[in-house]
Amino acid sequence: MTGRPLIYAANWKMNHGPAAAAAFAERFLGLTAPAPDRSLWFFPPAVSMAAVSQAVRSRPDIRVGAQNVHWEPKGAFTGEISIPMVREAGAAVVLVGHSERRHLFGETDEQVARKTSAVLKAGLAPLVCVGETLAEREGGRTEPVIIRQLEPLLDKVPADEWARIVVAYEPVWAIGTGKNATPDDAAQVHELIRFAVGRRGVPGRVPILYGGSVTAANIGEFLAEPSIDGALVGGASLKPDEMAGIVGRAGVTAAARLAATA
Ligand code: PGA
């Protein structure tokens, strides 16, 4: 057993403005109840964070997060958003280095490390994404790519400050494509990530989520893997009923995991 609650994270990407986000929250809250064995993290677009924070204020099991931040607290960075600002809007967690940030907007491994470090210094929790492209996987380069993505992070964040970091393994070829990694493929990379952080002296067990075309139909297979501590969900998180289905199935699976290892 992991000893930690499982984490279900919803990445809404560029969907759901403030009104749609509030409507989602209202419906979702009616479909779910807090459970001690899991935590729900929602990443709405920045303009909708305050609306979601307000809507979920009665639910301590739900945390609101930012999809991206700048590492500087303020300044002349047109179009960027700072960590103090997202905290003021209710964010407790921050998604860092999502593959769309890396591949569509040129975010580098070093920038991901800088952002992660800044998020930790501000007292929020980073959810740091890593993952290989299809060409990298087919070229047998999954392992060096994951290690390359992790190294600047391990250089920048001292081992004893990793306690608040959560990692998401999201193979780029599985995002939004309907193709998942098999639970076994994912588990192998999760073990690689644990090995890479462990050999740099990071103590304890870093929680690692799987992301990439997760749905209510397949979440159970992923959570059956003991090395997978939850899911980062994109497309399927946009509909409250589907997301509630994921969480519901997940709750059953989490309980089964606990019972199986008790
Ligand atoms: P997906 O997205 O579930 O639509 O594949 C996952 C993500 O990008 O975080």
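Within segment 130-145, the set of residues being surrounded by fewer than 17 Cβ atoms within 10 Å (Cβ to Cβ) and not in a helix (DSSP H, G or I) comprises Gly139, Gly140, Arg141. Among residues of segment 220-232 that are in a helix (DSSP H, G or I) and within 16 Å of the ligand (Cβ to nearest atom), those with a Cβ under 9 angstrom from a residue that is open to solvent by less than 10 Å² (accessible area, probe 1.4 Å) and acidic (Asp, Glu), sequence gap 6+ or separate chain, pair up as Leu223/Asp229. Arg194: closer than 19 Å to Cys129 by Cα, open to solvent by 20 Å² or more (accessible area, probe 1.4 Å) and part of a loop (DSSP other than H, G, I, E, B), yes or no? Criteria not met by Arg194.
Assess whether Ala122 counts as being more than 20 Å from Ser82 (Cβ to Cβ), hydrophobic (A, V, I, L, M, F, W, C) and either surrounded by fewer than 20 Cβ atoms within 10 Å (Cβ to Cβ) or within 14 Å of the ligand (Cβ to nearest atom) (or both). No, not satisfied. Residue pairs whose Cβ atoms lie under 6 Å apart, separated by 6 or more positions or on different chains, with the first residue in segment 234-247 and open to solvent by less than 30 Å² (accessible area, probe 1.4 Å) and the second near the ligand (Cβ under 9 Å from one of its atoms) and part of a helix (DSSP H, G or I), are Met243/Ser237. Only one of the numbered conditions (1) without any contact (Cβ under 8 Å) to a residue 40 or more places away in the chain; (2) touching a His at 6+ places or on another chain (Cβ under 8 Å) is not met by Leu134, and that is (2).
Scanning segment 202-215 for residues that are open to solvent by 10 Å² or more (accessible area, probe 1.4 Å) and within 12 Å of the ligand (Cβ to nearest atom) turns up Ser213, Thr215.
Annotation note: of Ala89, Ala118, the sole residue that is out of contact with any Lys or Arg (no Cβ under 9 Å at 6 or more places or on another chain), in contact (Cβ under 8 Å) with a residue 12 or more places away in the chain and within 19 Å of Met49 (Cα to Cα) is Ala89.
The values are calculated or read from the model by the stated rules, or taken from the named source; none is laboratory data. Just so it is clear, the model here is predicted, and its values are computed rather than measured. Cβ coordinates were reconstructed from backbone atoms using ideal geometry, including for glycine residues, and neighbour counts include every protein chain displayed. Please note that ligands, DNA and RNA were not included when accessible areas were found on the heavy atoms of the full protein model with its side chains. Shrake-Rupley method; radii C 1.70, N 1.55, O 1.52, S 1.80 Å.
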